[in-house]
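Since the structure comes first, as structure tokens, the remarks are kept for the end.
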2 protein chains.
Amino acid sequence: MKILLIEDEAEMRKVIIESLEKERFLVETAHDFHAAWDKISTYDYDCILLDIMLPGGSGLSLLDELKKMKKQKSVIIISAKNSVDDKVKGLNLGADDYLAKPFHLAELTARVKSVIRRRTLEGHAVIELKNVSIDMDNHTVHVQNQPLTLNRKEFDILSYFVSNKNRLINKTALAEHIWGDHTDQSDDFEFIYSQIKNLRKKLKDSGADLEIQAVYGLGYKLVTD
Amino acid sequence: MKILLIEDEAEMRKVIIESLEKERFLVETAHDFHAAWDKISTYDYDCILLDIMLPGGSGLSLLDELKKMKKQKSVIIISAKNSVDDKVKGLNLGADDYLAKPFHLAELTARVKSVIRRRTLEGHAVIELKNVSIDMDNHTVHVQNQPLTLNRKEFDILSYFVSNKNRLINKTALAEHIWGDHTDQSDDFEFIYSQIKNLRKKLKDSGADLEIQAVYGLGYKLVTD
DNA sequence: TCTTCTATCAGTAGTATTTTCATTTGACCT
DNA sequence: AGGTCAAATGAAAATACTACTGATAGAAGA
């Protein structure tokens, strides 16, 4: 799960990133609105955390732009302004939640999870597919009620595939979603191969009825037999 | 699309060529002005990348010569000199764009594409002809809104024909443009026949209203019924 | 520290693309 | 019509890409 944090204060960023990474989110940051807009228009995020008090313009206008986009985004506003007015404005402009500073980090991660669940998982934290069940909150996988231990990347990849089952996923999108923007202008996808390989092996050994198929020259697709 | 890169530093050449070839351009190089001039006067390029700081004379004089030619060329200047003066001089002498070193390779390819688009297609990256539409950026072709998959050479040939529709194209020019200068003094055009054949078949099978006609002893011509 | 996870390398198999070959078809000219 | 060369064809061979694998070294985590 990929999150964009738009926040100018370094200390605040640091502490939020830390807490989200502990929960196994992939976090990217933007320090101002310009950078934020760049990232939003090029990449795809599962959730956007937006501090509306930034130098360079109000976050509300960014929210407004977002609303105009075809693709709906999940946004949580974080702000020192705790006026009811701002909250209402934000939510009207399509934000999914609003969190006033100061807040507990536990609360932030809880809201993030909840928003993502609502938007991308239709409310369920556990996805069942064939004989596989995937708990998106606890990051655990069971096959025929037997636990299957996947490491971080394997889990991320599997959950991405599962929530896009039977759909073609090209390697650029996969790399972006799982590895983030450090893979910017690379066209070498060796690192994908080795993860796919291990994941396939584990799925097969556990008897899962899921198969990750390669689509030559294009990408991968999760087929559910 | 054929590009001439005039640049003396080997490392610079290497990295630029790599990035352009990734975008499916056909790149040829000249290490100095003399060689550059030779190539320009014998071959036809869609875009010329010119480093004005070369041993053997300023690139500005070459630009000047170019301007005198009948046939307008698309030129992008790349230079370490980032003075406004040089930029102005260059653009006055007919360069289409100016890029100061160091630059992002992504930026270079973007500018090349944009210049080519501006010159050859009057602003559109997508050419529509009869019931066929050709996306020069994404290298895709659609016939009646159905995608038509062409491989690299087929696409190159089709786009060359389309941007020279109803005009006679002799085989030497075609070979030069699509295959580059490795076919210099060969008079064997078997490799063309094969590609033409496959392209024709695909066009016909997809129901495209385009026909590549042979003109006996001279070359080919794309006729639009 | 030791263990686990992740990225990279070198080699290989599998698949698609491009060129070559041998042969046939068709156009042009006298 | 018949000779000659250009062009087209199907198939095979050569080349270039893409994906996969096992091994391993480096990074991260316990």
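Quick look at the values:
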quantity	calculated
Residue match in the stretch A:99-107 (condition: closer than 16 Å to residue A:163 by Cβ and among the aliphatic types (A, V, I, L, M))	no
Only one of A:131, A:164 that is touching a residue at least 60 places away in the same chain (Cβ under 8 Å), in contact with a strand residue (DSSP E or B) (Cβ under 8 Å, 6 or more places away or on another chain), more than 14 Å from every other protein chain (Cβ to nearest Cβ) and polar (S, T, N, Q)	A:131
Residue match in the stretch A:24-43 (condition: among the charged types (D, E, K, R) and out of contact with any strand residue (DSSP E or B) (no Cβ under 9 Å at 6 or more places or on another chain))	yes
Any helices (runs of 4 or more DSSP H) falling wholly within the stretch A:85-197 and containing at least 1 residues that are exposed (fewer than 13 other Cβ atoms within 10 Å of the Cβ) and more than 16 Å from DNA strand D (Cβ to nearest atom)	A:105-120
Answer from A:114, A:61 - the residue that is among the small types (Gly, Ala, Ser) and over 17 Å from residue A:3 (Cβ atoms)	A:61
Qualifying residue in the stretch A:174-182 (condition: within 16 Å of DNA strand C (Cβ to nearest atom) and without any contact (Cβ under 8 Å) to a residue 12 or more places away in the chain)	yes
Test result for residue A:41, in contact with a helix residue (DSSP H, G or I) (Cβ under 9 Å, 6 or more places away or on another chain) and outside the structural domain of residue A:156 (by TED's automatic domain parsing)	no
Search result, residues across the stretch B:118-169 that are in contact with a Phe, Trp or Tyr (Cβ under 7 Å, 6 or more places away or on another chain) and either modelled with pLDDT under 90 or over 28 Å from residue B:191 (Cα atoms) (or both)	B:139
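The values are calculated or read from the model by the stated rules, or taken from the named source; none is laboratory data. Keep in mind it's a predicted model, so treat the numbers as computed, not measured. So basically every Cβ, Gly included, is an ideal-geometry build from the backbone, and we count neighbours across all protein chains shown.
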